[in-house]
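Written below as C-alpha coordinates is the structure these notes are about.
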(Lines give C-alpha, C1' and ligand atoms only; values in the text may rest on other atoms or scores of the structure.)
Protein backbone atom coordinates (compact mmCIF):
# COMPACT_ATOMS: atom_id res chain seq x y z
CA UNK A 1 0.00 0.00 0.00
CA UNK A 2 1.43 3.35 -1.05
CA UNK A 3 -1.02 5.84 0.41
CA UNK A 4 -4.27 6.38 2.28
CA UNK A 5 -6.37 9.30 1.08
CA UNK A 6 -8.57 10.12 4.06
CA UNK A 7 -9.01 13.02 6.47
CA UNK A 8 -6.28 13.06 9.07
CA UNK A 9 -8.84 12.86 11.87
CA UNK A 10 -9.87 9.40 10.58
CA UNK A 11 -6.34 7.94 10.92
CA UNK A 12 -5.22 6.38 14.18
CA UNK A 13 -1.98 4.39 14.09
CA UNK A 14 -2.64 3.26 10.55
CA UNK A 15 -6.27 2.35 11.25
CA UNK A 16 -8.98 4.20 9.32
CA UNK A 17 -11.93 5.05 11.57
CA UNK A 18 -14.58 7.19 9.84
CA UNK A 19 -16.93 8.93 12.29
CA UNK A 20 -20.55 7.87 12.53
CA UNK A 21 -22.55 9.81 9.97
CA UNK A 22 -25.99 9.72 8.36
CA UNK A 23 -24.63 10.70 4.93
CA UNK A 24 -22.27 8.64 2.72
CA UNK A 25 -18.54 8.99 3.34
CA UNK A 26 -15.62 7.81 1.26
CA UNK A 27 -11.86 7.44 1.32
CA UNK A 28 -9.29 5.94 -1.04
CA UNK A 29 -6.36 3.55 -0.82
CA UNK A 30 -3.53 3.57 -3.36
CA UNK A 31 -1.94 0.14 -3.64
CA UNK A 32 1.63 -0.85 -4.46
CA UNK A 33 0.81 -0.85 -8.18
CA UNK A 34 -0.40 2.75 -7.80
CA UNK A 35 -3.99 1.71 -8.45
CA UNK A 36 -6.48 3.85 -6.55
CA UNK A 37 -9.35 2.04 -4.78
CA UNK A 38 -12.32 4.04 -3.49
CA UNK A 39 -14.08 2.80 -0.35
CA UNK A 40 -17.63 4.00 0.35
CA UNK A 41 -18.85 3.97 3.95
CA UNK A 42 -22.59 3.85 4.51
CA UNK A 43 -24.67 3.84 7.66
CA UNK A 44 -26.91 0.83 8.26
CA UNK A 45 -29.93 2.86 7.16
CA UNK A 46 -28.29 3.86 3.87
CA UNK A 47 -26.93 0.36 3.28
CA UNK A 48 -30.51 -0.94 3.49
CA UNK A 49 -31.42 1.48 0.68
CA UNK A 50 -28.39 0.69 -1.50
CA UNK A 51 -28.36 -1.34 -4.71
CA UNK A 52 -25.27 -2.29 -6.74
CA UNK A 53 -26.10 -2.19 -10.47
CA UNK A 54 -24.40 -2.19 -13.85
CA UNK A 55 -25.62 1.04 -15.39
CA UNK A 56 -24.48 2.86 -18.52
CA UNK A 57 -21.40 0.67 -18.80
CA UNK A 58 -20.14 0.95 -15.19
CA UNK A 59 -20.78 -0.62 -11.81
CA UNK A 60 -22.55 1.90 -9.62
CA UNK A 61 -24.19 2.35 -6.23
CA UNK A 62 -27.82 3.47 -6.27
CA UNK A 63 -29.59 4.85 -3.21
CA UNK A 64 -33.38 4.96 -3.11
CA UNK A 65 -35.48 5.52 -0.01
CA UNK A 66 -38.19 3.10 -1.14
CA UNK A 67 -37.86 0.95 -4.24
CA UNK A 68 -35.68 0.85 -7.36
CA UNK A 69 -34.64 -1.69 -9.98
CA UNK A 70 -32.64 -1.49 -13.23
CA UNK A 71 -34.31 -1.69 -16.62
CA UNK A 72 -31.55 -1.73 -19.21
CA UNK A 73 -29.64 1.53 -18.76
CA UNK A 74 -32.54 3.11 -16.89
CA UNK A 75 -33.84 2.90 -13.33
CA UNK A 76 -37.45 2.31 -12.35
CA UNK A 77 -38.11 4.14 -9.09
CA UNK A 78 -41.17 3.71 -6.86
CA UNK A 79 -42.42 5.49 -3.75
CA UNK A 80 -45.69 5.85 -1.81
CA UNK A 81 -47.99 8.66 -2.90
CA UNK A 82 -47.05 10.85 0.06
CA UNK A 83 -43.30 10.77 -0.70
CA UNK A 84 -41.17 12.25 -3.45
CA UNK A 85 -39.68 10.10 -6.21
CA UNK A 86 -35.91 10.34 -6.23
CA UNK A 87 -32.66 8.43 -6.49
CA UNK A 88 -28.94 9.02 -5.88
CA UNK A 89 -26.11 7.48 -7.92
CA UNK A 90 -22.34 6.99 -7.47
CA UNK A 91 -20.21 7.42 -9.49
CA UNK A 92 -22.07 9.87 -11.67
CA UNK A 93 -19.25 11.88 -13.28
CA UNK A 94 -20.31 10.60 -16.74
CA UNK A 95 -24.07 10.91 -16.17
CA UNK A 96 -26.52 13.78 -16.38
CA UNK A 97 -25.91 16.64 -13.92
CA UNK A 98 -27.83 16.56 -10.66
CA UNK A 99 -27.66 17.70 -7.06
CA UNK A 100 -24.36 16.98 -5.31
CA UNK A 101 -24.57 14.82 -2.17
CA UNK A 102 -21.89 13.91 0.37
CA UNK A 103 -19.61 11.03 -0.58
CA UNK A 104 -19.68 11.92 -4.26
CA UNK A 105 -23.26 10.76 -4.84
CA UNK A 106 -25.44 12.79 -7.20
CA UNK A 107 -29.15 13.09 -6.47
CA UNK A 108 -31.95 13.20 -9.02
CA UNK A 109 -35.58 14.12 -8.29
CA UNK A 110 -38.54 13.32 -10.52
CA UNK A 111 -40.34 16.54 -9.62
CA UNK A 112 -43.48 14.61 -8.67
CA UNK A 113 -44.94 16.25 -5.59
CA UNK A 114 -46.32 14.15 -2.72
CA UNK A 115 -50.10 14.00 -2.65
CA UNK A 116 -52.74 13.28 -0.02
CA UNK A 117 -55.46 10.69 -0.51
CA UNK A 118 -58.85 10.49 1.20
CA UNK A 119 -58.97 7.90 3.99
CA UNK A 120 -60.31 4.39 3.52
CA UNK A 121 -64.03 4.37 4.35
CA UNK A 122 -64.75 1.99 7.25
CA UNK A 123 -68.16 0.60 8.17
CA UNK A 124 -68.72 -1.93 10.97
CA UNK A 125 -71.19 -4.53 9.73
CA UNK A 126 -71.34 -7.06 12.58
CA UNK A 127 -69.74 -7.35 15.99
CA UNK A 128 -68.79 -10.69 17.55
CA UNK A 129 -66.34 -10.10 20.43
CA UNK A 130 -66.46 -13.68 21.73
CA UNK A 131 -63.75 -16.05 20.48
CA UNK A 132 -64.65 -19.45 19.02
CA UNK A 133 -63.71 -22.65 20.82
CA UNK A 134 -60.10 -23.61 20.21
CA UNK A 135 -59.73 -26.73 18.07
CA UNK A 136 -56.72 -28.92 18.70
CA UNK A 137 -55.09 -31.27 16.25
CA UNK A 138 -53.45 -34.63 16.96
CA UNK A 139 -50.58 -34.91 19.39
CA UNK A 140 -47.15 -34.34 17.86
CA UNK A 141 -44.42 -36.50 19.39
CA UNK A 142 -41.78 -33.81 19.58
CA UNK A 143 -44.11 -31.23 21.19
CA UNK A 144 -45.48 -31.24 24.76
CA UNK A 145 -49.06 -31.36 23.50
CA UNK A 146 -51.39 -31.09 20.51
CA UNK A 147 -51.09 -28.21 18.07
CA UNK A 148 -54.02 -25.76 17.70
CA UNK A 149 -55.75 -25.83 14.34
CA UNK A 150 -56.58 -22.85 12.20
CA UNK A 151 -60.16 -21.55 12.55
CA UNK A 152 -62.50 -23.37 10.16
CA UNK A 153 -65.02 -21.78 7.80
CA UNK A 154 -67.80 -22.08 10.38
CA UNK A 155 -65.79 -19.91 12.81
CA UNK A 156 -66.01 -17.02 10.37
CA UNK A 157 -69.79 -17.15 10.50
CA UNK A 158 -69.38 -15.53 13.91
CA UNK A 159 -66.63 -13.06 13.05
CA UNK A 160 -66.63 -9.32 13.44
CA UNK A 161 -67.07 -7.91 9.95
CA UNK A 162 -65.93 -4.51 8.69
CA UNK A 163 -66.59 -3.12 5.22
CA UNK A 164 -63.79 -1.14 3.57
CA UNK A 165 -64.04 1.16 0.55
CA UNK A 166 -60.89 2.41 -1.17
CA UNK A 167 -60.62 6.05 -2.28
CA UNK A 168 -61.82 6.50 -5.86
CA UNK A 169 -59.00 9.01 -6.30
CA UNK A 170 -56.50 6.14 -6.65
CA UNK A 171 -56.08 5.39 -10.36
CA UNK A 172 -56.32 1.76 -11.47
CA UNK A 173 -53.42 0.18 -13.31
CA UNK A 174 -50.82 2.83 -12.44
CA UNK A 175 -48.71 1.15 -9.77
CA UNK A 176 -49.11 -1.06 -6.74
CA UNK A 177 -51.75 -0.23 -4.15
CA UNK A 178 -51.05 -1.62 -0.68
CA UNK A 179 -53.60 -1.73 2.12
CA UNK A 180 -52.15 -1.86 5.64
CA UNK A 181 -54.66 -3.44 8.02
CA UNK A 182 -54.00 -3.07 11.74
CA UNK A 183 -56.40 -5.28 13.64
CA UNK A 184 -56.69 -7.10 16.96
CA UNK A 185 -57.98 -10.67 16.96
CA UNK A 186 -56.92 -14.25 16.44
CA UNK A 187 -57.13 -14.40 12.66
CA UNK A 188 -58.75 -12.55 9.78
CA UNK A 189 -59.96 -13.02 6.23
CA UNK A 190 -60.32 -10.46 3.48
CA UNK A 191 -63.05 -10.61 0.84
CA UNK A 192 -63.26 -8.60 -2.40
CA UNK A 193 -66.80 -8.27 -3.74
CA UNK A 194 -67.74 -11.27 -1.61
CA UNK A 195 -64.86 -13.50 -2.79
CA UNK A 196 -62.22 -14.68 -0.30
CA UNK A 197 -58.88 -13.29 -1.50
CA UNK A 198 -56.50 -13.44 1.48
CA UNK A 199 -56.20 -14.46 5.12
CA UNK A 200 -53.89 -13.77 8.02
CA UNK A 201 -52.98 -14.93 11.52
CA UNK A 202 -52.55 -12.15 14.05
CA UNK A 203 -48.90 -11.43 14.88
CA UNK A 204 -49.07 -7.89 16.22
CA UNK A 205 -47.88 -6.26 12.98
CA UNK A 206 -50.03 -4.56 10.33
CA UNK A 207 -51.20 -6.93 7.61
CA UNK A 208 -50.17 -5.62 4.18
CA UNK A 209 -52.29 -6.65 1.18
CA UNK A 210 -51.71 -5.74 -2.47
CA UNK A 211 -55.28 -4.76 -3.33
CA UNK A 212 -54.49 -3.57 -6.86
CA UNK A 213 -54.84 -7.25 -7.85
CA UNK A 214 -58.56 -7.14 -7.11
CA UNK A 215 -59.58 -4.19 -9.29
CA UNK A 216 -61.95 -5.26 -12.05
CA UNK A 217 -63.80 -3.58 -14.90
CA UNK A 218 -62.20 -0.25 -14.08
CA UNK A 219 -63.36 -0.07 -10.46
CA UNK A 220 -62.17 -0.92 -6.98
CA UNK A 221 -63.99 -3.76 -5.23
CA UNK A 222 -65.87 -3.44 -1.98
CA UNK A 223 -63.65 -5.10 0.62
CA UNK A 224 -64.90 -6.86 3.72
CA UNK A 225 -62.70 -7.85 6.63
CA UNK A 226 -63.76 -10.74 8.89
CA UNK A 227 -61.94 -10.84 12.24
CA UNK A 228 -62.17 -13.75 14.63
CA UNK A 229 -61.87 -12.70 18.25
CA UNK A 230 -58.77 -13.76 20.13
CA UNK A 231 -59.07 -15.82 23.27
CA UNK A 232 -56.21 -17.31 25.26
CA UNK A 233 -54.31 -18.41 22.17
CA UNK A 234 -51.99 -21.41 22.80
CA UNK A 235 -49.52 -20.17 20.19
CA UNK A 236 -46.31 -18.21 20.33
CA UNK A 237 -46.67 -14.44 20.10
CA UNK A 238 -44.06 -11.78 20.71
CA UNK A 239 -44.55 -10.05 24.04
CA UNK A 240 -45.56 -6.78 22.37
CA UNK A 241 -48.21 -8.53 20.25
CA UNK A 242 -49.69 -10.35 23.25
CA UNK A 243 -49.66 -7.11 25.24
CA UNK A 244 -51.70 -5.38 22.51
CA UNK A 245 -54.31 -8.13 22.72
CA UNK A 246 -54.42 -7.95 26.52
CA UNK A 247 -55.03 -4.21 26.42
CA UNK A 248 -57.81 -4.34 23.82
CA UNK A 249 -61.33 -3.31 24.83
CA UNK A 250 -62.89 -5.99 22.61
CA UNK A 251 -61.74 -9.34 21.32
CA UNK A 252 -61.92 -8.41 17.65
CA UNK A 253 -61.51 -4.94 16.25
CA UNK A 254 -60.03 -2.98 13.38
CA UNK A 255 -57.61 -0.35 14.64
CA UNK A 256 -56.83 1.26 11.29
CA UNK A 257 -56.82 0.69 7.53
CA UNK A 258 -54.44 2.82 5.49
CA UNK A 259 -53.82 2.71 1.78
CA UNK A 260 -50.62 3.59 -0.10
CA UNK A 261 -50.46 4.10 -3.86
CA UNK A 262 -46.93 3.27 -5.01
CA UNK A 263 -46.20 5.53 -7.96
CA UNK A 264 -43.64 4.55 -10.58
CA UNK A 265 -41.28 6.61 -12.73
CA UNK A 266 -38.54 5.59 -15.17
CA UNK A 267 -35.28 7.52 -14.92
CA UNK A 268 -32.59 7.65 -17.62
CA UNK A 269 -29.39 8.77 -15.85
CA UNK A 270 -27.61 9.43 -19.14
CA UNK A 271 -29.80 12.42 -19.99
CA UNK A 272 -31.66 13.00 -16.71
CA UNK A 273 -35.12 12.33 -18.19
CA UNK A 274 -37.98 11.03 -16.04
CA UNK A 275 -40.96 9.35 -17.69
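The values are calculated or read from the model by the stated rules, or taken from the named source; none is laboratory data. These figures come from a predicted structure and were not determined experimentally. When we count neighbours, we look across all protein chains shown, and the Cβ atoms used for this are built from the backbone with ideal geometry, even at glycine.
Scanning segment 2-22 for residues that are farther than 22 Å from residue 36 by Cβ and in contact (Cβ under 8 Å) with a residue 12 or more places away in the chain yields 20, 21, 22.
Residue 100 meets all of the listed conditions (1) in contact (Cβ under 8 Å) with a residue 12 or more places away in the chain; (2) touching a strand residue (DSSP E or B) at 6+ places or on another chain (Cβ under 8 Å); (3) surrounded by fewer than 15 Cβ atoms within 10 Å (Cβ to Cβ) but one, namely (1). Failed condition for residue 95, given (1) exposed (fewer than 14 other Cβ atoms within 10 Å of the Cβ); (2) over 22 Å from the mean Cα position of the chain (by Cα); (3) over 30 Å from residue 204 (Cα atoms), with all others met? Only one criterion in (1) exposed (fewer than 14 other Cβ atoms within 10 Å of the Cβ); (2) over 22 Å from the mean Cα position of the chain (by Cα); (3) over 30 Å from residue 204 (Cα atoms) is unmet by residue 95, namely (1). Counting the residues of segment 192-211 that are buried (at least 18 other Cβ atoms within 10 Å of the Cβ) and out of contact with any strand residue (DSSP E or B) (no Cβ under 9 Å at 6 or more places or on another chain) gives 0. The residue that is nearest to residue 230 (Cα to Cα), among those in segment 139-159 that are at pLDDT 90 or above and more than 32 Å from the chain's Cα centre (by Cα), is 158. With respect to residue 129, is the statement that it is assigned to a loop (DSSP other than H, G, I, E, B) and assigned by TED's automatic domain parsing to the domain that holds residue 231 true? Spelling it out, residue 129 is indeed assigned to a loop (DSSP other than H, G, I, E, B) and assigned by TED's automatic domain parsing to the domain that holds residue 231.
Residues in segment 155-175: is at least one more than 30 Å from residue 118 (Cβ to Cβ) and in contact (Cβ under 8 Å) with a residue 12 or more places away in the chain? Let's see the steps before the verdict.
Filtering segment 155-175 down to residues more than 30 Å from residue 118 (Cβ to Cβ) leaves 155, 157-158.
Subset that is in contact (Cβ under 8 Å) with a residue 12 or more places away in the chain: 155, 158.
Yes, segment 155-175 has at least one match.
Checking the condition modelled with pLDDT of 95 or more and in the same structural domain as residue 220 (by TED's automatic domain parsing), which residue from 179, 136 passes?
Numbers: 136 fails: modelled with pLDDT of 95 or more.
Sole residue among the options that is modelled with pLDDT of 95 or more and in the same structural domain as residue 220 (by TED's automatic domain parsing): 179.
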